[in-house]
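Take a look at the structure below.
The values are calculated or read from the model by the stated rules, or taken from the named source; none is laboratory data. Small disclaimer: the values here were computed from a predicted structure and weren't measured. Don't worry about glycine lacking a Cβ; one is built from the backbone with ideal geometry, like all the others, and counts go over all protein chains shown.
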Amino acid sequence: MSSPLIKTIRTIALFLVFTSSLSACAGFFEKDNTPEPTPLTSYAPEVTPRLLWSANVGAGAAGNDYLKLSPAVSETAVYTTSTSGTVTALSKTSGKRLWQVNTRLPVTTGAGAGDGLVVMGSRGGDIVALQESDGRQRWKASVPGEVIATPAVGSGIVVVKAVDGYTRALSASDGHELWSFQQVEPNMILRGSSAPLIRDRSLIVGFANGNLAKLNLDGQLLWLQTVAIPEGAFAIQRMIDIDADPVVYQHRIYVATYQGKISSLDWTSGRTLWTHDISSYTGMAADDAAVYISDAKGTVWGFGADSGFVNWRQTKLEYRVISGPAAMGNYVVVGDAQGYLHWLGKQDGHFAGRVSLGSSIYAAPIVENNVLYALTNSGYLAAYTLR
């Protein structure tokens, strides 16, 4: 297999990874037909986001790279990574820097935190685990090919996904490989991938072929569900990657694919509870009443949790290359490529608040204890509450 070739699809501001040589297609995507971002409209502010603290932690995405380098949050700290290899820990309450380490690696994932570790992966397949308390390196391991998703850390294992289609479980104590699970990946995939998720002694993993797997922590497959089936004559039309991180809420798993569907699956059996056509690569958020998702065009949707019916759609952010949503009280929050955070009402998607962070926001914000943490591509990390 030749080394991955990356081509820009400007219409959706994404990167493709070709897992075999496709040099004959060299000029296929060169024309830029990108629609202009929808201009922001006036609205009646309902909430006022209040900045608690901010810090500069190192660029989260370089050049045209579409990398969602999401921060991780522990009980006391926020952890960030940068493409230059810098890993930073900051106090959740004050934003004060606790430690900073330069791994000198071309980091391609956000930080995964758990079991006292902060873990990230690189373009060359290196996995580095740092001590959560002081940034000291605990171990370093390697896998074949670029690491394409934020590692999952917990229950004594570190789970990583690489461009070769393998999901590998490494020992949290020393990084040695415990087991691996493979799905056959298409020749053309989106840059990046959904993060594996450890929950209730099980592992949820989405793949670029549109399949979602549930495994136990020993690597035994519990079930495999096909979320979307590829359609079309050309490889680009047949892309159905699961790039949006799956969400587990109560007894349901929400999963979405690019050019495919959003589905609600039963946690125990993987049975499909409901499904709706959609194309998404960013992310989702859920609560008791609904699941919220940003689609590839920039529309934010609210679906009924039980029925799957469309509660609302907010179309006034189209072509702004928005992040996945985060749930914050009575609102959902998305970032955009123009550097804005938008608060939308959960009931109908109306605009309720807005702030500018000054640089593109690809990674979905994180909300914990009513505090929102947002990281821009330039490395500006901000913590907000509402008043």
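A compact table of results
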read-out	value
Residue list for segment 79-94, filter: outside any strand (DSSP E or B) and either of a type in the set (A, V, I, L, M, F, W, C) or surrounded by fewer than 18 Cβ atoms within 10 Å (Cβ to Cβ) (or both)	Ser84, Thr93, Ser94
Residues within segment 43-64 that are surrounded by fewer than 16 Cβ atoms within 10 Å (Cβ to Cβ) and either at pLDDT below 95 or over 26 Å from Asn370 (Cα atoms) (or both), tallied	3
Extreme residue, farthest from Ser263 (Cα to Cα), among residues of segment 273-318 that are of a type in the set (Ser, Thr, Tyr) and surrounded by fewer than 18 Cβ atoms within 10 Å (Cβ to Cβ)	Thr315
In segment 263-300, the residues that are under 18 Å from Thr315 (Cα atoms) and β-branched (Val, Ile, Thr)	Ile278, Thr282, Val291, Ile293, Thr299, Val300
Residues located in segment 310-325, provided they are part of a loop (DSSP other than H, G, I, E, B) and in contact with a strand residue (DSSP E or B) (Cβ under 7 Å, 6 or more places away or on another chain)	Leu317, Ile322, Ser323, Gly324, Pro325
Selection from segment 328-348 of residues that are buried (at least 21 other Cβ atoms within 10 Å of the Cβ), of a type in the set (Gly, Ala, Ser) and more than 19 Å from Leu69 (Cβ to Cβ)	none
Total residues in segment 367-387, condition of a type in the set (A, V, I, L, M) and surrounded by fewer than 19 Cβ atoms within 10 Å (Cβ to Cβ)	1
Number of the exception - Trp139 against (1) assigned to a strand (DSSP E or B); (2) within 22 Å of Leu197 (Cβ to Cβ)	(2)
Residue in segment 183-212 that is surrounded by the fewest Cβ atoms within 10 Å (Cβ to Cβ), counting only those that are more than 20 Å from the chain's Cα centre (by Cα) and at pLDDT 95 or above	Asp200
Breaking point among (1) closer than 23 Å to Ser263 by Cα; (2) surrounded by fewer than 24 Cβ atoms within 10 Å (Cβ to Cβ), for Ile322	(2)
So Leu215, is it surrounded by fewer than 18 Cβ atoms within 10 Å (Cβ to Cβ), part of a strand (DSSP E or B) and modelled with pLDDT of 95 or more	no
Flag if Ala296 is within 28 Å of Thr38 (Cα to Cα), among the small types (Gly, Ala, Ser) and part of a strand (DSSP E or B)	no
Close pairs from segment 168-184: first more than 9 Å from Val158 (Cα to Cα) and part of a loop (DSSP other than H, G, I, E, B), partner modelled with pLDDT of 95 or more and aromatic (Phe, Trp, Tyr), Cβ under 7 Å, at least 6 apart	Asp174/Trp139; Gln183/Phe207
